[in-house]
Amino acid sequence: MEQTTYPKKLRGVVVSDRMEKTVVVRVTRLTKYPKYRKYYKVSKKFKAHDAENHYKVGDKVIIQETRPLSKDKSWRVTEKIN
């Protein structure tokens, strides 16, 4: 039986901070192409809650899953990575 940890945590880079109390975080992961067994990058953007408008474009951050805060926002920024 497989155990999963909740809440989920992802690592990404802030690509937009133009909204109030929200940042857009790009999360990049590696996926293997089944036939050729070669890895390629896949990116996805998440809107994350930033209550103090503290994080800026280019910051590496960790986001954590939370209850839905709006239509598109179900993540919040927990910490900045150096």
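A short reminder: the numbers here are calculations on the coordinates, not readings from a lab. From a predicted model like this one, the values you see are computed outputs, not experimental measurements. Here Cβ is always computed from backbone atoms with ideal geometry, including for glycine, and neighbour counts include all displayed protein chains.
Which of V23, V42, V57 moves most in a GNM of the chain, Cα contacts under 10 Å?
V42
How high is the relative contact order of the chain, given as a whole-number percent (alpha carbon pairs under 8 Å, six or more residues apart)? Walk me through the numbers before you get to the answer.
Values: 169 pairs, mean separation 25.0, N = 82.
Reported relative contact order: 30 percent.
Starting at 0 and stepping by 5 Å, how many percent of the alpha carbon pairs of region 9-81 end up in each bin?
Each 5 Å bin holds this share of Cα pairs: 4, 18, 27, 21, 11, 8, 7, 4, 1, 0.
Cross-link list K38/K60; K8/K41; K9/K73; K8/K38: which exceed 24 angstrom alpha carbon to alpha carbon? Please list the in-between numbers first.
Numbers: K38/K60 27 Å; K8/K41 20 Å; K9/K73 15 Å; K8/K38 27 Å.
Pairs exceeding 24 Å: K38/K60; K8/K38.
Per-residue HN-Hα couplings for region 35-41, Karplus 6.51 cos²θ - 1.76 cosθ + 1.60 at θ = phi - 60°, whole Hz, x for Gly and Pro?
For region 35-41, the Karplus curve yields 5, 9, 6, 9, 8, 9, 8 Hz.
At a Förster distance of 30 Å, what's the computed FRET efficiency of N82 paired with K38, Cβ-Cβ distance as r, to 0.05?
Values: r = 31 Å, r/R0 = 1.05.
Using R0 = 30 Å, I get an efficiency of 0.45.
Which residue, R26, R18, R37, tops the fluctuation ranking in a GNM of the chain built on C-alpha contacts under 10 Å?
Most flexible of the set in this elastic network: R37.
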